[in-house]
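S.K.: Have a look at the structure that comes next, please.
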Amino acid sequence: MRKVKTKFEFYEDLPLGPVAEVETSPLHRTDWHLHGRPVIDHEKCTACRICWIFCPEGAIQLEDGAVTVNYRYCKGCGICAHECPVGAIRMTRS
Amino acid sequence: MPGGGHPHDEELAMTTKRLLTGNGAAALAVKLCQPKVICAYPITPQTPIVEYLAKFVADGELKAEYIPIEGEHSAMAACIAASLAGARTYTATSSQGLAYMQEGLFYAAGVRAPILMTVVNRSLAAPWTILAGEDDSISQRDTGWIQFYCESVQEVLDTHIQAYRVAEDWEVRLPVMVCLDGFNLSHCYEYVEVPRQRDVDEFLPPFRPMYRLDVEDPKLIPPFEPPEWFMAFKLQQEEAMENAKRRIREVDEQFSERFGRGYGLVEPFLCEDADAVIVAMGTIAGTAREAVARMRRKRRKVGLVRIRVFRPFPREELKHALRGVKAVGVIDRNYSFGCGGAVFTELRSALYGDRAAPIVLGFVAGLGGQDVTVHHVMEMAEKVLGAAETGEVERETEWIGIRRRKPCQSLNSP
């Protein structure tokens, strides 16, 4: 099997056929911070799971009835904060 | 022993003889090549290939993953993924099915997936037909696939075995189409020598992928390529095509040494002293062979060049075979509207600039299963001989077998 080369300057350095190393979610962080990071106020949170339904990245987790955010995959879109009916999610920049 | 044979005869025999159709030979050859993944959607006249292979897998005669699928577009997608995952991969189609998978054809060649596909040639609608015509695979000639066109059932079997060797060669790494005329070859029976499994195994080493798709070591094939590098990868494909010319010849020679049959990229027949030569592909070449042999008996100096490999186009071999010939008549079972037959235009382009280049005449025949007889070919050859004598061409391209009110307009069968 051939090793994947990613940096090349000349034609002669190219790998045989178009191939690239990729950043896939199991092995790499795929998070962005578009509008900051969502922080859940567990005092206010009713665990209604609306954020879990609306999250386009599947970054909202349900752990023992509690709602948490997986920051490895969260893109910071802010949809969860927008949809939360009790205002328990705040977008923060730190 | 029944038949009085020596007890070891069967073991010593290099081959067994079987009565097979073109489709049967294709399926049996594929079985001998032991692909790990087969994914194809049935379509007339390719259907029996899919049925045979599905049965081989169901009966446990072939250890492969057989994927029934909803259409040809998905079939090609599955084949590309399987090939990149490290499996020797096979598919087959015809006509509308090939057109439907076209997008995937570019992908397969672009990611250098050495998939083998049998194309049982059938003209494309409309009007609706299920019969022979090479317009389906010819219209895919720019997708980056190697293309073989077979003349006999034996050649169908042999070419499939050779094709995997060529496709998987490190200097080539390109997908291959093995094309055979629908019904004329796919459904016609011939006695065929079938090689032993162990001889095929020795001839065709196990498939080794370039980069294996692996969740533990992820790769993106193919990534988005910016303009800076896109053309460079296309040039790689062109270089692989050029390499394929040499490797096809070498693989054919090695096959010939082991199994006693070889075909080359082009096959000249009685061309040495010929004034006029017919150039044809597929089963029409078989008919032309008979026509040329009959005309030779009447001392007409005609010959035949059969093109077996259309992609890569064997320019040098054709130039060599046609050296000293005064006029050439190309029979195309395909057509590019507003231009001409594919073999005609490409051959003439290859000969351009050669001072001693022969006159080239184009004949369009056999589309949609139209019968091309020995008499048709003899009439065409007489026209070519006429052009060789006078040095003049009456019409650049002629459509054969069109029944017209004015018979002088066409070459109707007598």
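The values are calculated or read from the model by the stated rules, or taken from the named source; none is laboratory data. Computed from a predicted structure; not experimentally measured. As a convention, Cβ positions derive from the backbone with ideal geometry for all residues, glycine included, and neighbour counts pool all protein chains shown.
S.K.: Grab the strands (runs of 3 or more DSSP E) fully contained in segment B:305-373, keeping just those with 2 or more residues being in contact with a Gly (Cβ under 7 Å, 6 or more places away or on another chain), under 25 Å from residue B:244 (Cβ atoms) and not polar (S, T, N, Q).
M.R.: Result: B:327-332.
S.K.: I've got another one for you. If I go through segment B:290-311 residue by residue, how many of them are in contact (Cβ under 8 Å) with a residue 40 or more places away in the chain and farther than 18 Å from residue B:386 by Cβ? Explain how you work it out, then say what you get.
M.R.: Here is the first cut: in segment B:290-311, the ones in contact (Cβ under 8 Å) with a residue 40 or more places away in the chain are B:290-292, B:294-295, B:300-302, B:306-311.
With the extra rule that they be farther than 18 Å from residue B:386 by Cβ, the set shrinks to B:290, B:306-311.
Residues that pass the stated criteria total 7.
S.K.: Anything in segment B:197-243 that is within 12 Å of chain A (Cβ to nearest Cβ) and aliphatic (A, V, I, L, M)? List them, or say none.
M.R.: Passing the criteria: B:210, B:213, B:215, B:220, B:221, B:231, B:232, B:235, B:240.
S.K.: Mind telling me which of the residues A:31, A:41, A:64 ends up being of a type in the set (D, E, K, R) and modelled with pLDDT of 95 or more? It would help to see each step written out before you state the result.
M.R.: Values: A:31 fails: modelled with pLDDT of 95 or more; A:64 fails: modelled with pLDDT of 95 or more.
When all the criteria are applied, what remains is A:41.
S.K.: Please list, ordered by first then second residue, the pairs with beta carbon atoms under 9 Å, 6 or more apart or interchain, first in segment B:97-126 and within 14 Å of chain A (Cβ to nearest Cβ), second surrounded by fewer than 24 Cβ atoms within 10 Å (Cβ to Cβ) and of a type in the set (S, T, N, Q).
M.R.: Pairs found: B:106/B:143; B:108/B:143; B:109/B:143; B:109/B:237; B:110/B:237; B:112/B:236; B:112/B:237.
Yes/no matrix, rows are residues, columns are (1) within 14 Å of another protein chain (Cβ to nearest Cβ); (2) farther than 30 Å from residue B:169 by Cα; (3) in contact with a strand residue (DSSP E or B) (Cβ under 8 Å, 6 or more places away or on another chain):
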position	(1), (2), (3)
A:7	yes, no, no
A:14	yes, no, no
A:28	yes, yes, no
A:31	no, yes, no
A:49	no, yes, yes
A:52	no, yes, yes
A:56	no, yes, no
A:59	no, yes, yes
A:66	no, yes, no
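S.K.: Residue B:285 versus (1) more than 16 Å from the chain's Cα centre (by Cα); (2) surrounded by 24 or more Cβ atoms within 10 Å (Cβ to Cβ); (3) not aromatic (Phe, Trp, Tyr): which is the lone unmet condition?
M.R.: That leaves (1) as the condition not met.
S.K.: Let me ask you something else. Pairs only if they're at least six apart or on different chains, beta carbon under 6 angstrom, first in segment B:264-276 and among the β-branched types (Val, Ile, Thr), second at pLDDT 95 or above; list them, first residue then second.
M.R.: Pairs that qualify, where the first residue is among the β-branched types (Val, Ile, Thr) and the partner is at pLDDT 95 or above, are B:266/B:305; B:266/B:307; B:266/B:314; B:266/B:317; B:266/B:318; B:266/B:321.
S.K.: Pick from B:284, B:248: which is more than 14 Å from chain A (Cβ to nearest Cβ) and farther than 23 Å from residue B:143 by Cα?
M.R.: Numbers: B:248 fails: farther than 23 Å from residue B:143 by Cα.
After ruling out the rest, the residue left standing is B:284.
S.K.: So, in segment B:140-152, of the ones that are in a loop (DSSP other than H, G, I, E, B) and in contact with a strand residue (DSSP E or B) (Cβ under 8 Å, 6 or more places away or on another chain), which residue ends up nearest to residue B:289 (Cα to Cα)?
M.R.: Restricting to residues being in a loop (DSSP other than H, G, I, E, B) and in contact with a strand residue (DSSP E or B) (Cβ under 8 Å, 6 or more places away or on another chain), the top hit is B:151.
S.K.: Still on this structure: Tally up the residues in segment B:153-196 that are touching a strand residue (DSSP E or B) at 6+ places or on another chain (Cβ under 7 Å), surrounded by fewer than 23 Cβ atoms within 10 Å (Cβ to Cβ) and in a helix (DSSP H, G or I), please.
M.R.: Of the residues in segment B:153-196, 1 are touching a strand residue (DSSP E or B) at 6+ places or on another chain (Cβ under 7 Å), surrounded by fewer than 23 Cβ atoms within 10 Å (Cβ to Cβ) and in a helix (DSSP H, G or I).
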